[in-house]
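Derivation of every value follows stated rules applied to the coordinates shown; laboratory data play no part. It should be emphasised that the depicted structure is a prediction, and the values quoted were computed from it without experimental measurement. When we count neighbours, we look across all protein chains shown, and the Cβ atoms used for this are built from the backbone with ideal geometry, even at glycine.
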Protein chains: 2
Amino acid sequence: MIDKKDQQLASGGLGRRSFINTAALVGLTAGVAACTEKPGTAAAPAAPAAPASSHAGAGANVHLKPGELDTYYGLWSGGHTGDMRVLGLPSGREITRIPCFVPDALVGWGITNESKAVMGTKPDGSLKYTVADTHHTHASYKDGNYDGRYAWINDKINSRIARIRLDYFVCDKITELPNVQGFHGIFPDKADPVDPAVNYTTRVFCGGEFAIPLPNTGTEDISKYRSMFTCVDAETMEVRWQVLIDGNCDLVATSYDGKLAATNQYNVEMGAKYEDMMSAERDACLFFNVARIEAAVKAGKFKTIGTSKVPVVDGTHEANKDPKTALTAYVSVPKNPHGVNASPDGKYFICAGKLSPTGTVIELSKVLDWFEGKLEKLDAAIVAEVELGLGPLHTAFDGRGNAYTTLFLDSQVVKWNVEAAIKFHAGDKTAKYVVDRLDVQYQPGHLNASHSETKAADGKYLAVGCKFSKDRFLPVGPLHPENEQLIDISGEKMVLLADHPVRGEPHDFIIFKRDLVRPKQVYNLDDSPLAIKDPKESGVFRSGKKVTVKMTSQAPAFSLREFKLKKGDEVTLILTNLDKIEDLTHGFAIPNYNVNFIVNPLETKSVTFIADKPGVFWCYCTHFCHALHLEMRTRMIVEA
Amino acid sequence: MIDKKDQQLASGGLGRRSFINTAALVGLTAGVAACTEKPGTAAAPAAPAAPASSHAGAGANVHLKPGELDTYYGLWSGGHTGDMRVLGLPSGREITRIPCFVPDALVGWGITNESKAVMGTKPDGSLKYTVADTHHTHASYKDGNYDGRYAWINDKINSRIARIRLDYFVCDKITELPNVQGFHGIFPDKADPVDPAVNYTTRVFCGGEFAIPLPNTGTEDISKYRSMFTCVDAETMEVRWQVLIDGNCDLVATSYDGKLAATNQYNVEMGAKYEDMMSAERDACLFFNVARIEAAVKAGKFKTIGTSKVPVVDGTHEANKDPKTALTAYVSVPKNPHGVNASPDGKYFICAGKLSPTGTVIELSKVLDWFEGKLEKLDAAIVAEVELGLGPLHTAFDGRGNAYTTLFLDSQVVKWNVEAAIKFHAGDKTAKYVVDRLDVQYQPGHLNASHSETKAADGKYLAVGCKFSKDRFLPVGPLHPENEQLIDISGEKMVLLADHPVRGEPHDFIIFKRDLVRPKQVYNLDDSPLAIKDPKESGVFRSGKKVTVKMTSQAPAFSLREFKLKKGDEVTLILTNLDKIEDLTHGFAIPNYNVNFIVNPLETKSVTFIADKPGVFWCYCTHFCHALHLEMRTRMIVEA
C-alpha cells in the first residue's frame, strides 16, 4: 500500500533538492562523515554554485550543421547493455555500438561462429553468458597519449575483459579472469617500469571487487575471503599474474612511468553488509610496485589457486611490512573512496571520498620514495586532503592544473586547482582551490574530459554521466534514460552545453580527438581463412551428414539462388560479401532457424546449425543494400 | 584479389552521384522502366533539386537548450536490432529502446520469467528466437488520430507481431503468425467497417511477403506456393482470420472508414529470382473488403491449413471475379511498387513505383464503387499516375494536400501536390504537381511526417531514413550507421535541419505530438501477482529441490543480506522493488549464473535457474541507485 506522501513522491511532485534528499540519501545520513571530524581534512571557502546553466559562448558549436563532422570521438561503456558505445562529440550522437560480452541481433554477434569463438561457449555450443555489466573503458597508450590501437572494457558480472580493435571497431578477444568475482576497475599501463624503450601499453590491470573464498568453496566464514588484482597481457590477452590483497579493489589508475598501479579500496573492513563496509573512517588507495611484482613472479615467489595456472603473489599487509621489499603499499584515504585518477602532469593520483566530502591528492614520487625506504610514513605521500562537497566520486583534468570532481549528493561538478589545494593543505588558508561549481541534472557518477587521462589533456569538453535524468527528457515509462551532459571547460567558468539521454547504464568513458584513429572502411578478404574469393567456389559440399554451404553476396543477389539440405544435416554456411564498396553491407536471415547476421564489404562470416525443420525457407538480405534489396533472396529447401 | 579500380571504390574516393551509380544501381539498369513506355504514366516538368541544404529558418529550434523538452515523440523500428526505439524530436535524441523480439541485457528481457513468457520458449525453457527483423511500427487510432494506447511492430524473420503498451512503454504480447513467412507490412485499422460506434482500432493487418507451400512441405514446385494476408485482434492479439492471395504482400495501408485494407504487391509474377520478380511491367495494389471477409468467415466459407485453426478465406483472382461478392480487388500499379500510404484526407491510397519512376493515386471511393458493381473497370480507380523521379519508395503527407516521396536512386525527397497530380493525369498538362525537391544523404527508404498517417497531419517535421550515410559521420569501421535526416516541411521549400546517425537498420517510424501519451512513471504493486509487498515476506521457501527466494529492494539494501541454496536446487527468485520514487530503478546480477535484470519502482520480476555451481556469489545491484549503490549486495551461498 502506498500512503499519500509516497504517492506524492511517486508522482514526481518534488523539487530537485528534495528529490536528492529523499532518494539518494535514504539511509545514508549516519554514514556521511563530517569533514571537520577527520584528520587531514579541512573546511575551505566554497565557491557558490553557478545559477541555472547558460547555453552560450564556446557552446555555440555543439550543434552541428547537416554534414558537419564531430571533432572528438567518445568511447563509452554500455553498462549492463554489455557493449561499447561510440559517440561523436560535441554533438553527442551515437555513431555505433560495438558488441562485446552479450549477443547483438543486428550484426549476428553470438550467432556467427566467429563471434561465438570470441564470446565463449558451453560444451553444447551455446553461449556461456548472455548478460554483462560493463563499467570502464580505456585505450592503449604511447608516449603518454592514446595511440589508437586498442581499447579495453570490463564485464563486472562474469569477470571478463574484452579488447576492441580500433582499426575495425570490433571486439577481437575476451578473457575471463580466474579467481575473481566482481571485476570492476580496469586501466592499461602507459610504459614499462623497467625498459624505457617500451613507452607504450603492454599490460592491462584489473581490480577484483568482491572478496570470495579462494578457491570458491562456498564457505560462510568471511574472514577467509580475499580479492585479487590482476595483470593481463595487452597483446595476447592472457593473464600474466595476480596479487592477493587485503580489502577490495574498486577503480584502477596507472602512472605515466609504468612503475605504479593503484586501486582505491572502499571496503578495507572486508565487510559483507553495507553498514560494515562503511564502519571505518578511513579506507585506502592500494599501490602496486609493478617491477617488484614481476621480479617476484620471475623468481618463483608465487602460488597458484585452484585449477588456475596463473602466478599469484602475496600483496597483503602482513607480507609487505618492509618497504624495501614490499610489493604493495596501502595509503590511507577517507571513508569509502569511489575513484582514483592520475593527473596529466604525471605527479599525482587523486582519490574522491564518496562518504567523506574530500579529495585526497597522493604524490607518486613520495610513494616511490617509500618503496625505496626514503619516506618514513607512507601517508606522508598525501599532499592534500581538501573538502570538495558531498559525495565526491570521480575526477577529470583539463591539463591546466585543474581537477573536476563529480559530487553525487550535491548533484554538482566542482572545479578545483590541484596546486592551490596542496598549498591550502600545507597551511595556506588563503589558497582558494575551489574555482567553480556547476549544478548538473542529476546525481553524477563518472565524468571525463577530452584527453583527460593523457599528457595531451586539452581542457575543452567535459562529459558528465548523470545517473538520474528525472524531468530532463520526454517521459518514456518507469525506466528513465540517464543524462550524459556536455560541459564546456575551455574558460574559467564551466558552461553546460547539452543534455544527452542514454540508455542505462554507462559508467566510464574517454574522449579524444578525431584524428587519433583512422578506421578501415572495408575488410580485407584475407582477414578470414574461410573467405570465398570467387562466386564460382559457391556450392553445397556434403560429407555424410555434415554439409558446407559456400555462398557470396553481390547486390542484388546471393551466388546461390537456392540450395537443398536434408533434415538432420549439420550445416555450416559460409558467406563472403564480395561487394567492395564502402557502406555496402548485406544481411543474411533464415526464417525460423534463428539465423541472422551481416557481412560488411569483403567480410566473411559463418554459422552452423542443424537442419531440423523441413520445408522451404526464403533466406533474405536484411541490410538494405540496393534498389532490389527486397528481391535479394535465396531459397533453402530442407527435404523431410 | 582487388584490382586498382576496386581499391579506389573501396577507399571511398568517389563523389555522391558516382557512388549511387556504382553501388545502388549495380545490375539494375535493365530493370528500371522508362516511364514514357508505360500506359498511365506521363512525363512532367520537374522542379530542380534544391542546392546544398541550408540550415536556417524554422530549423533554428531543432537544437534544444539544456533542460528543454522535445515537442514530438518518434516511435522507430529497430530493424534487425529487433526492438523499438523511442526518439524525441526535433532533437533526434534516442530516449529509450523497448525490447520486443530479442533479448535485452539491460532490462533482463529474455532472462526474467515474465519476459520469456512474452517472447516464447522452447520445451527446454530456452528462448525460441533471439534474432528478429523489425520493419514497421504503427500506433492505435481513435477518430482518425493516434489515441496513445498501443503500438505494433513486426518481425519479418520469424513472422511475429509485438504489441507495445504506451502507458509503460513495454512490450506485453507477441504473436507468431501461422503459415506466414516474411511478415512484412503491418497496419492497424482506424474504424470498424460495419459498426460506426467502433471509431477506434480493433484489428491489425499483417502482410505476408514470401510465398511458401501451405502447409510448408518443402516442395520445389513454386507454382504451389502462396502468401497470406492476416488479421490480428488488437486486444487479444489472437489471429482472427487470413486471406490466401495471388502474388505477395509488401506494405499495408488502411482506410479511415475501416472498410478497406490494402497491400502493395511487388511480385505478382510469384517469381523465385529477382529477374523473375521484375519481369512484369505492372504489379498491383491488392484491396481487401474487410466487412465481406468477416461475413465470409462468419458464414463458414473458409478452410484451415495444417495444424492452424485460423479461418482462411480465398482471396485469389480466380475466386473473386464477381465484384459484388469479391473479397479482394487487384488494382494494377507499375513495376515493383514499394509502398502504399493513405492520405490524411481519407480519399486516396498512394503507391510508389520503385522500378517505375511513378506515383500512383488510387481513389478509395472508386474502389468501393467497384465492389458495389458501380465501376466497370477496377483500374479506373487510378486517378493519377505521374512521374516523380528514380526509385520512388514511400510517401508521407503534410495535411495541406502535399505528398512527400522518397526517391531511392535519386537520393531525393520530392514534394508534390496530389490534386495537381490528379489534374495533370486528367489531361491538364499545365498543372505543376512537383512543388520541391531536396537532396538527402543517401539512398532514402522510409520517410514519415508528424501525424502524417492521421487526420491530424500537421506538416511540421519530416524524417527520412537514409540507408547509406557514407561520409556524414565520423568513421567507425566497415559497418556504417544509417542517417535519419530531419526536414522542416512547414514552408513551401523543404529545409534540411539535421543528420542523426542510427545503428542499422530502422525502417518505418511514426511521429506525434508529445501530449498524446502520458506514460506512467512508477509501476503499481498489483501489476504482478508475485509482488512481495512487505520486506517481512522475504525468505527462502523450500519444497524439496524447488526453492523460492523472495526478496525486496530498498536503496541501499536488499531485504535478504544473504541466502543459502543447495547444489542442484531449482530456484525461483522473486524481487519486488519497494522504492516508490520515480527513476529509482535497481538491478540484480548473480555472477557466473547468467542472471541480470532490473526492477523499476514498484515493479516485480522473477528468474528461475538451477543452482549448479557451488560457492559464494555476491549478487549486486547493477543499476546506480544511491550513494551506497556499490555496497548494495546480497550473498548467495550454494552449498556443494
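Based on the Cβ-Cβ distance of B:E372 and B:D221, what FRET efficiency does E = 1/(1 + (r/R0)^6) give at R0 = 41 Å, to the nearest 0.05? My answer for the efficiency is 0.60.
Backbone geometry of segment B:388-395 corresponds, through the Karplus equation with coefficients 6.51, -1.76 and 1.60 at θ = phi - 60°, to 3J(HN,Hα) couplings of 10, x, 7, x, x, 10, 9, 10 Hz, x marking Gly and Pro. Between segment A:510-531 and segment A:565-590, the C-alpha centres lie 21 angstrom from each other.
Could you name the lysines in cross-link range of A:K545, using Cα to Cα under 19 Å and dropping any fewer than eight places away on the same chain? Result set, ordered by chain and number: A:K564, A:K566, A:K567, A:K613. The H on the amide N of A:W241, modeled in the peptide plane, is under 5 Å from the matching H of A:C231, each at least 5 residues off or on a different chain. For segment A:525-639, DSSP calls about 65 percent of its internal beta bridges antiparallel.
Placing a label point 7 Å from Cα along the Cα-to-Cβ axis, B:G346 is separated from the same position in the other copies by 7.7 nm, shortest listed first.
Closest approach of a chain B Cβ to the axis relating B and A (residue, whole Å): B:H63, 2.
Under 5 Å between amide hydrogens, built in the peptide plane, is the criterion, and for B:L560 it picks out B:T552 among residues at least 5 positions away or on other chains.
Label-point spacing for B:E639 across the identical copies (point 7 Å from Cα in the Cβ direction), in nm and ascending order: 5.9.
If you add up the charges near A:E372, with Lys and Arg at +1 and Asp and Glu at -1, over every other residue whose beta carbon is less than 13 angstrom from its beta carbon, what do you get?
On the way: positive: A:K259, A:R292, A:K324, A:K366, A:K374; negative: A:D322, A:D369, A:E376.
Net local charge, A:E372 excluded: +2.
Along the Cα-to-C-beta direction of A:F541, a point sits 7 Å from the Cα; which residues of segment A:569-590 have their amide N less than 15 Å from that point? Counting only backbone N, you get A:571-576. With an a/c value of 1.5 or above and a/b larger than b/c for the gyration tensor axes a ≥ b ≥ c computed over the alpha-carbon atoms, segment B:496-535 is described as prolate. A full extension of the chain between B:A197 and B:K564 corresponds to an added length of 126.3 nm, given 0.36 nm per residue minus the alpha carbon distance. Here's how it looks for B:V170: its modeled amide H is under 5 Å from those of B:R165, which are all 5 or more places away or on a different chain.
Rounded, prolate or oblate: pick one for segment A:111-223, where a ≥ b ≥ c are the square roots of the eigenvalues of its C-alpha gyration tensor, a/c under 1.5 means rounded, and failing that, prolate if a/b is larger than b/c, else oblate. Because a/c hits 1.5 or more and a/b fails to exceed b/c, segment A:111-223 counts as oblate. The dipole here belongs to the protein assembly as shown: it is taken about the Cα centre, uses +1 on the Cβ of Lys and Arg and -1 on the Cβ of Asp and Glu, and is about 1180 debye.
Which FRET efficiency value, to the nearest 0.05, do you get for A:K493 and A:S279 by plugging their Cβ-Cβ distance into 1/(1 + (r/R0)^6) with R0 = 41 Å? Efficiency, rounded to the nearest 0.05: 0.55.
If the label for A:R518 sits 7 angstrom from Cα along the Cα-to-Cβ line, what are its distances to the same label in every other copy, in nm to one decimal, shortest first? So the distances to the same position in the other copies read 5.8 nm. Each 20 Å bin, from zero up to the one with the longest distance, holds this percent of the alpha carbon pairs of the protein assembly as shown: 11, 40, 35, 13, 2, 0. The value obtained for segment A:244-361, namely the Cα convex hull volume divided by the number of residues, is 115 Å³ per residue.
Only lysines eight or more places from B:K493 in sequence, or on another chain, were considered; those with a Cα closer than 23 Å are A:K65, B:K415, B:K423, B:K429, B:K432, B:K455, B:K460, B:K513. Sorting B:E372, B:E68, B:E363 by the number of Cβ atoms found within 10 Å of their own Cβ, with the fewest placed first, yields B:E372, B:E68, B:E363.
Couplings 3J(HN,Hα) for segment A:613-623, derived from phi with the Karplus relation 6.51 cos²θ - 1.76 cosθ + 1.60 (θ = phi - 60°), are 10, x, x, 9, 10, 7, 6, 9, 7, 9, 10 Hz, where x marks Gly and Pro.
The distance from the alpha carbon centre of segment B:263-297 to that of segment A:246-311 is 68 Å, rounded to a whole number.
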